[in-house]
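Novice: First the structure, then my questions, so here it is.
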Amino acid sequence: MKILILGSGQVGSAIAQELALMPGNDVTIVDTDAASLRNIGSRLDVQTLVGNGASPVVLEEAAAADTDMLLALTRSDETNLVACRLACDLFNIPQRIARVRSADYLEYGKNDAADPDGLPDSLSAFAVTDSIHPEHLVTEHLVGLLSYVRALQVLPFAHDRVRMVIAQIRSNDWLAGKTVEEANNGLPENIDCQICAIYRHTRLIVPQPDTVILEDDEICFVVDSKHMSAVMYVLFHYEHGNHRIMLAGGGHIGYRLAKKLESKFNIKLLEVDAARAEWLAENLDSTLVLHGSATDEDLLSREYIDEIDVFCAITNDDENNIMAGLLAKNLGAKRVITIINRSRYVDLLTGNQIDIVVSPHQITIGSVLAHIRRGDVAAVYPLRRGTAEAIEVVVHGDKRTSSLVGRRVDEVKWPAGCHIAAIVRGDEVLMGRHHDCVLEDNDHIIFFVSRRRILRELEKLIQVKMGFFG
């Protein structure tokens, strides 16, 4: 497959690295930053071209006429959208995926009733076949974390019918010292969950019924979304109630987050720009908007930071987020979540005083990967800072045209390091330990993949045979 990537930033370079490792891909990267392209070209087996991706001359030079997929991932919405329009009208590229940050493009002309998964008119006008919205993705990710404060990650699958949760065990948790079987037996009748992975001091343990869960273990489990609160209460004795949340930063993410959560929680929002703070106060209903800096110790103290359940630093400045998060933690905030864009900062801060470090780039990369994986891949989420992945696939066909449909789970030879977490069939959620389950057409399978190098084997396994199309 010939793939043309516009943009050599963190997202573009990470996607290029993924694609370059897949056999049969011919990747070309276009950017105006010559130094960045030289760096990528020295590391990856890709072609590079210096130029503006929204120029028809540059696209032609990049062999757009022979391209199968365009990934417009620059920092400019307008460049990405114009490139998609040109790719359609002038070069007939069949797949045109754009990274779009502005909410105006996401929301204008969207008809949820007619087609909730369809593109809004504003993107269809630019011939975009699919779009990636980083700020929307980050907002949804933060909603999950703030709704369940004990979780390190909350990942939705199958249109949010099932969720994968990652959490760390504390010494006073009910789970500490229990076996996996005891954890399952402790759940109420008709409520189930699947512990699909345990990380103990960076070492992966594939859970067995007699595996003992210890303090500081990082467990990964899946649960039916409608039972999430009940499971969190049983496993962690945690009730759905982060009543006091402070958001530092009133940009697009801060505003959307407050709008989504203000009916459930008591929210304070700090914004350093006076005009923006006034706008936020007028457009939010019950959120208390404060004009000031999140690194102002006196302001935090006056607003009773020591009584805040979760402090969330979400400004556009990494250093400001780090300092605000450390200060809030030092002044008594129970839990601190910080957005960090630089990947080196993410690795440096994870596991220190800041409880959860959220990387918008990692979240965006996961969304892009879901579009470019072979087979019917519905969702991809990087885990463990990119060393593992959670993947949702939809299986199609019958016993003749598919290697999976019509077969029991224990009949299939799954790649080593690939574990079924759950199977979603309509409104029914089946946990992955039920190995006698027979897979059916249109089943959604959620996998925990501990070694990313086996992804190609999994992709081949889920592909339908040619007879499916005949």
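Bear in mind these aren't lab numbers, they're just calculated from the coordinates by the rules spelled out. Here the structure is a predicted model, which is why all the values come from computation and not from measurement. When we count neighbours, we look across all protein chains shown, and the Cβ atoms used for this are built from the backbone with ideal geometry, even at glycine.
Novice: Estimate the FRET efficiency between GLU297 and ASP45 by the formula 1/(1 + (r/R0)^6), using the beta-carbon distance for r and 45 Å for R0, to the nearest 0.05.
Specialist: After rounding, the FRET efficiency stands at 0.35.
Novice: Then there is this: Under a straight-distance cross-link criterion of Cα-Cα below 20 Å, which lysines are reachable from LYS399, leaving out those fewer than 8 residues away in the same chain?
Specialist: LYS413, LYS460, LYS465
Novice: Still on this structure, I have one more. Contour minus end-to-end for ARG456 and GLU181, with contour as 0.36 nm per residue of separation and end-to-end as the Cα-Cα distance?
Specialist: The span from ARG456 to GLU181 would gain 95.7 nm if fully extended.
Novice: Enter the mean projected area of the convex hull around the alpha-carbon atoms of the range 49-90, in nm², rounded to one decimal.
Specialist: 2.7
Novice: Still on this model: At a temperature of 4 °C and a viscosity of 1.567 mPa s, determine how fast the range 1-148 diffuses translationally according to Stokes-Einstein, using the Kirkwood radius over alpha-carbon pairs as Rh; express D in µm²/s, rounded to the nearest whole number.
Specialist: Approximately 82 µm²/s, per Stokes-Einstein.
Novice: Contact order normalised by length for the chain, with contacts defined as Cα pairs under 8 Å and 6 or more residues apart; what percent is it?
Specialist: That works out to 10 percent.
Novice: So, in Å, what gap is there between the alpha-carbon centers of the range 1-17 and the range 287-331?
Specialist: 35
Novice: May I ask for the Rg/Rh ratio of the range 26-104, computed from Cα atoms with Rh as the Kirkwood radius, given to two decimals?
Specialist: Radius of gyration over Kirkwood radius for the range 26-104 works out to 0.96.
Novice: In the range 433-464, which residues have a backbone nitrogen under 17 Å from the label point lying 7 Å from ARG400's Cα in the Cα-to-Cβ direction?
Specialist: Inside the label zone: 441, 464.
Novice: Suppose we keep just the DSSP beta bridges with both residues in the chain; what percent of those would be antiparallel, to 5?
Specialist: Roughly 55 percent of the beta bridges in the chain run antiparallel, per DSSP.
Novice: Within the set of other residues whose C-beta is less than 14 Å from the C-beta of ARG433, count the net charge using Lys and Arg as +1 and Asp and Glu as -1. Intermediate results must be reported in sequence, preceding the final value.
Specialist: Working: positive: ARG408; negative: GLU181, ASP192, ASP210, ASP410, ASP436.
Value of the local net charge: -4.
Novice: So what's the net charge close to VAL272: Lys and Arg +1, Asp and Glu -1, counting the other residues with Cβ under 12 Å from its Cβ?
Specialist: -3
Novice: Let me ask something additional. I want to check the label-to-label distance for GLU319 and ASP33. Put each point 7 Å from Cα in the C-beta direction and report it in nm to one decimal.
Specialist: 1.8
Novice: What value, in deg cm²/dmol to 500, does the helix sum -39500 (n - 2.57) over DSSP H runs of n ≥ 4 give at 222 nm once divided by the residues of the chain?
Specialist: Calculated mean residue ellipticity at 222 nm is -9000 deg cm²/dmol.
Novice: Using the crude model of +1 on Lys and Arg Cβ and -1 on Asp and Glu Cβ, and no other charge, please compute the dipole size for the range 244-362 relative to its Cα centre, in debye to 20. Could you put the intermediate results ahead of the total?
Specialist: Working: 13 positive and 18 negative charges, 97 e Å.
The calculation lands at about 460 debye.
Novice: Can you find, among GLN47, ALA35, ILE97, the residue farthest towards the positive end of the dipole of the range 2-132? Put +1 on the C-beta of Lys and Arg, -1 on that of Asp and Glu.
Specialist: Among GLN47, ALA35, ILE97, the one farthest towards the positive end of the dipole of the range 2-132 is ALA35.
Novice: Given a cut-off of 20 Å, what percent of all Cα-Cα pairs of the range 363-469 lie beyond it?
Specialist: 35
Novice: Right, here's the next one. Which net charge results when you count Lys and Arg as +1 and Asp and Glu as -1 among the other residues whose beta-carbon is under 9 Å from that of VAL336? Could the numbers behind the result be given before it?
Specialist: Details: positive: LYS329, LYS334, ARG335; negative: ASP355.
Result for the neighbourhood of VAL336: +2.
Novice: Using just the Cα positions, wrap the range 244-362 in a convex hull and report its mean projected area in square nanometres, one decimal place.
Specialist: Orientation-averaged projected area of the Cα hull: 6.7 nm².
Novice: If you don't mind, another one. Listed here are the pairs LYS178/LYS264; LYS226/LYS264; LYS268/LYS334; which of them are more than 27 Å apart at the Cα?
Specialist: Check vs 27 Å cut-off fails for LYS178/LYS264.
Novice: So for the chain, Kirkwood radius off the Cα pairs, Stokes-Einstein at 10 °C and 1.306 mPa s: how many µm² s⁻¹?
Specialist: Using the Kirkwood radius from Cα pairs, D works out to 67 µm²/s.
Novice: Right, something else. Using the crude model of +1 on Lys and Arg Cβ and -1 on Asp and Glu Cβ, and no other charge, please compute the dipole size for the chain relative to its Cα centre, in debye to 20.
Specialist: 1200
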